[in-house]
1. For residue 83, which of the numbered conditions (1) in contact (Cβ under 8 Å) with a residue 24 or more places away in the chain; (2) out of contact with any helix residue (DSSP H, G or I) (no Cβ under 7 Å at 6 or more places or on another chain); (3) not small (Gly, Ala, Ser) fails to hold?
2. Would you say residue 112 is aliphatic (A, V, I, L, M), within 28 Å of residue 85 (Cα to Cα), out of contact with any strand residue (DSSP E or B) (no Cβ under 6 Å at 6 or more places or on another chain) and modelled with pLDDT of 85 or more?
3. For the list (1) within 22 Å of residue 33 (Cα to Cα); (2) surrounded by fewer than 14 Cβ atoms within 10 Å (Cβ to Cβ); (3) at pLDDT below 90; (4) of a type in the set (Val, Ile, Thr), I need the number of the one condition that residue 143 fails.
4. Quick check on my filter: what residues within region 89-132 are among the β-branched types (Val, Ile, Thr) and either closer than 20 Å to residue 55 by Cα or touching a helix residue (DSSP H, G or I) at 6+ places or on another chain (Cβ under 6 Å) (or both)?
Amino acid sequence: MKTHKLSLFLSAVALAAFALISPTSSFAQDGGGDPKTQVADFYTLCKQGKASEALEKALANSEMVKPEDSKRVAEAFAQMVSTMGSFIDYEITREANVTKRSVVLRCVAHYANQPFVNEFTFYDPGSNGWRLVHLRYDANPATMFQRDLADMLLKK
């Protein structure tokens, strides 16, 4: 029963964050390094136990997210991540170059207690480099790998 309540809590936090992270949010309005470097920087902060800072930094320059909402979501994100134990590592499991200016990176972050899926969508408007325009995450063990399992079944 405790595990079920934890899964519901994690799902609720993920949904709340998803609602606040709009498709037009970004790590930096002025752009940043290439998408893989930005993802590595995000996880470097997570590994240092700074999950709140990692997400807050990702939302810092978003015109669509108010600073107080960014802080609230980042704190909820950090609280959720803290239940997963220590950060081990991450892997990029899918890289989709949707267009020459749009890239989606799907990552699995490995924590001591469970994995955690993040999907980063980046856009390069042609000047000032890549910027994060969408971040989705799923910590619900019942749903986080549904797409991967469906893809595996289609390949058979």
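1. (2)
2. Here the answer is yes, as residue 112 does meet what is asked.
3. Here residue 143 clears every test but (1).
4. 92, 103, 104, 108, 117, 121
For (1) modelled with pLDDT of 85 or more; (2) in a helix (DSSP H, G or I); (3) of a type in the set (Phe, Trp, Tyr), each residue gets a yes or a no:
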site: 8; (1), (2), (3): no, yes, no
site: 17; (1), (2), (3): no, yes, no
site: 22; (1), (2), (3): no, no, no
site: 49; (1), (2), (3): yes, no, no
site: 79; (1), (2), (3): yes, yes, no
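The values are calculated or read from the model by the stated rules, or taken from the named source; none is laboratory data. Predicted model only: the values in this text are computed from it and were never measured. Neighbour counts run over all protein chains shown; Cβ positions are idealised from the backbone, glycine included.
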